[in-house]
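Notes follow the structure.
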Amino acid sequence: MSTTRPYSPGDGGPEPSGASGMPAADEATDDVTAVSAVAPAEPSDGAPEAWGRQVRRLSLDGESGVVPLARDFTRQALYAWGWLPADGAEQRAAAEDVLLVVSELVTNACLHADGPDQLFLSCDKKAIRLEVSDRGAGQPAPRTPHQAGRPGGHGMFIVQRLCLDWGVVRTPDQPGKTVWAELAAPA
């Protein structure tokens, strides 16, 4: 489903600054290797399902090789959150879908929005939310009509097909946008 809703149905929107344990936007780190992970210690039984909301943030502003950097960062988060190593085909497919959607969103920011500024990941028992911020003015949308045999133009079509929902957030009087997508957690 293509949408410009800033948040998925039932989501009350962003948490107030500091409520998620993350610094406010003006306090965010510029260090690409810094991982602002707000994750409780692993439960004694090792079950990731018992964890609360998991959050990771990566600055991509001015970096080169951002697509593989974003994929590697996301893969590390999936390992930390128990999605990988996959226990079965469904979990493996879910992790691969997340990595593909991250690649598509970051690639679109590179091609159409002067590059991505930040990748934000959050996960709970039900879903993973991916957000890629950039300074571009364009509006992402699946190419219509979709022509499967032609090269290029498949990114947002892929995102639309794999995700529960996706959309765009714009802040009034500020350049850029955040493109978000949500995928279901494996059962």
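Computed from the coordinates by the stated procedures, all read-outs in this text should not be read as laboratory data. Computed from a predicted structure; not experimentally measured. When we count neighbours, we look across all protein chains shown, and the Cβ atoms used for this are built from the backbone with ideal geometry, even at glycine.
Local charge for G115 was computed over the other residues whose Cβ lies under 10 Å away, with Lys and Arg +1 and Asp and Glu -1, and equals -4. Summary of packing: across the peptides 169-177, 112-120, the per-residue average of other C-beta atoms within 10 Å ranks them, highest first, as 112-120, 169-177. Taking Lys and Arg as +1 and Asp and Glu as -1, the other residues whose beta-carbon sits under 15 Å from that of R71 total -3. Set Lys and Arg Cβ to +1 and Asp and Glu Cβ to -1, take the dipole of segment 92-187 about its Cα centre, and tell me which of A113, L162, Q147 lies farthest positive. Working it through, the farthest residue towards the positive pole turns out to be Q147. A cut-off of 5 Å between modelled amide H atoms, ignoring neighbours fewer than 5 places along the same chain, links L60 with Q118, L119.
Using a simple spin-label model with pseudo-atoms 7 Å out from Cα toward Cβ, A137 and Y79 lie 4.2 nm apart. Using a 7 Å offset from Cα along Cα-Cβ at E96, what residues in segment 163-184 end up with backbone N under 20 Å from the label point? 163-164, 182-184, by backbone N distance to the label point. Each part gets one Cα centre, and for segment 114-158 versus segment 66-91 those centres are 18 Å apart.
At a Förster distance of 25 Å, what's the computed FRET efficiency of D87 paired with A127, Cβ-Cβ distance as r, to 0.05? It comes out at approximately 0.85. Amide H contacts for G115 (H built 1.01 Å from N in the peptide plane; partners 5 or more residues away or on another chain; cut-off under 5 Å): C110. With the highest mean first, a sort of the peptides 82-93, 99-110 on other beta-carbon atoms found within 10 angstrom per residue produces 99-110, 82-93.
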